Amino acid sequence: MTHELMALDIPPDATFCANDLMALGCYDALRELGKSIPDDVAVIGFDDREIAQHTHPALTTLILPHYEMGEISAELLIDSVGDLLASPNQIKVECLMVERDSVENPKQNG
């Protein structure tokens, strides 16, 4: 997909990948195209796998709040068993960003 995005008339200068493994594929495709990360294209992953800190450049990513998601899921399950849920819920949980080198830091540039 990265090849298709970069072939657009106006290619992106940043890519947010659905997970860190997809971001690794994006890294490979950008290198094949001769692009530099983050100078030409910034890349962000999602799920903070251990590999993210060992990529070159180190991958900026978001941390999934597993404990909080489990806690909320358990509460919803208990409420549904007790017929306390009136309708389907949409719940937003905050994901902390781990800033690494795959995104240019504007503070460093001046």
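Of the residues making up the stretch 39-46, none is more than 13 Å from Thr2 (Cβ to Cβ) and free of Cβ contacts under 8 Å to residues at least 12 places away in the same chain. Would you mind telling me which numbered condition in (1) of a type outside the set (A, V, I, L, M, F, W, C); (2) surrounded by fewer than 18 Cβ atoms within 10 Å (Cβ to Cβ); (3) not in a loop (DSSP other than H, G, I, E, B) Gln90 fails? Answer for Gln90: the failing condition is (3).
Quick one: would you say Glu71 is farther than 16 Å from Thr15 by Cβ, in contact with a helix residue (DSSP H, G or I) (Cβ under 9 Å, 6 or more places away or on another chain) and modelled with pLDDT under 95? When the stated conditions are applied, Glu71 does not pass them.
One line per residue, one yes/no per condition, for (1) exposed (fewer than 13 other Cβ atoms within 10 Å of the Cβ); (2) closer than 17 Å to Glu104 by Cβ; (3) touching a strand residue (DSSP E or B) at 6+ places or on another chain (Cβ under 6 Å):
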residue	(1), (2), (3)
Gly34	yes, no, no
Gly45	no, yes, yes
Glu50	yes, no, no
His56	yes, yes, no
Tyr67	yes, no, no
Gly70	yes, no, no
Ser73	yes, no, no
Leu76	no, no, no
Gly82	yes, no, no
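Given the residues Cys26, Cys17, which is the only one that is farther than 21 Å from Leu96 by Cβ and hydrophobic (A, V, I, L, M, F, W, C)? Before the answer, list the steps.
Values: Cys17 fails: farther than 21 Å from Leu96 by Cβ.
Unique residue meeting the criteria: Cys26.
Scanning the stretch 17-51 for residues that are assigned to a loop (DSSP other than H, G, I, E, B) and either under 26 Å from Pro65 (Cβ atoms) or at pLDDT below 95 (or both) returns Cys17, Ala18, Asn19, Pro38, Gly45, Phe46, Asp47, Asp48, Arg49.
The values are calculated or read from the model by the stated rules, or taken from the named source; none is laboratory data. For clarity, every value in this text was computed on a predicted model and none was experimentally measured. Cβ: placed from backbone, ideal geometry, glycine included. Neighbour counts: every protein chain shown.
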